[in-house]
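Below is one structure, written out as structure tokens; the observations come after it.
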């Protein structure tokens, strides 16, 4: 599958109609923007009126199976996470591996009028993710089992520093990690964070994996102070300070050194037209330089 499929596989809307009931009629599918890994749509029906999210992945991709497992572990996260409704991972009714999940009422918002309050909500929501009981995580892979957690793929000026402290990284207590927790993977309604989406990378791993990644996103968007506001809210919600934050920040920078310029298509449809490849690399380099002084 290539990105930018115009419509979901023809079997997906029919499966949504079946879920809704024998009298349901599919009204249409609206493409959802903001990600690069899966093609995603909102499919709506009437009689009854429901909304279902359809996510299609490349053939052979293990992500949809991981997504189903992590959503079962989350059990809805008190309304912050989607609920799995169905899937076709073997070509029964879809041309591509496909997940059907519940719709979370909201839209991405990376241009908030109150960045401080917005960042604090991001921090509190991530703290809720990291309190999911570890007993539910047995079926999930370790973050170190996929490329994002590989020591060998680190790059840039901080790669050597992170590798030299790798034992601290791998010994950190495990929590449920989203693995791509950034501002484009949460949704908002009336200024309130209403949900967290794109769980296909969910794994067991250090809390610093998500923390450093989200802080990097916030530095790219608004600067270090907003990233600090996010961290303070996370710590307050969790009731404890985060140890080794400079190391987690450095890890996020080192594992994104080669890729950060390619993130421009994620930011563009969400309103940040200023963050082109050159600007992303410039801001990433500035953050890297500040972290080198601390690490």
When (1) touching a strand residue (DSSP E or B) at 6+ places or on another chain (Cβ under 7 Å); (2) loosely packed, with under 14 Cβ neighbours inside 10 Å; (3) modelled with pLDDT under 95 are applied to residue 108, the one that fails is (2)
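Quick test for you: out of 70, 43, 16, 54, pick the one residue that is within 16 Å of the chain's Cα centre (by Cα) and in contact (Cβ under 8 Å) with a residue 24 or more places away in the chain.
70
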One residue is enough: does region 262-270 have a residue meeting the conditions loosely packed, with under 15 Cβ neighbours inside 10 Å, assigned to a loop (DSSP other than H, G, I, E, B) and in the same structural domain as residue 164 (by TED's automatic domain parsing)? no
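A quick yes/no check of all residues on (1) in contact with a helix residue (DSSP H, G or I) (Cβ under 7 Å, 6 or more places away or on another chain); (2) closer than 25 Å to residue 235 by Cα; (3) not assigned by TED's automatic domain parsing to the domain that holds residue 233:
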residue: 43; (1), (2), (3): yes, no, yes
residue: 81; (1), (2), (3): yes, yes, yes
residue: 93; (1), (2), (3): yes, no, yes
residue: 124; (1), (2), (3): yes, yes, no
Those residues of region 111-125 which are over 14 Å from residue 190 (Cα atoms) and surrounded by fewer than 18 Cβ atoms within 10 Å (Cβ to Cβ) amount to 116, 124
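The values are calculated or read from the model by the stated rules, or taken from the named source; none is laboratory data. Nothing here was measured: the structure is a model prediction, and the numbers come from that model. We place every Cβ from the backbone using ideal geometry, glycine too, and count neighbours over all the protein chains shown.
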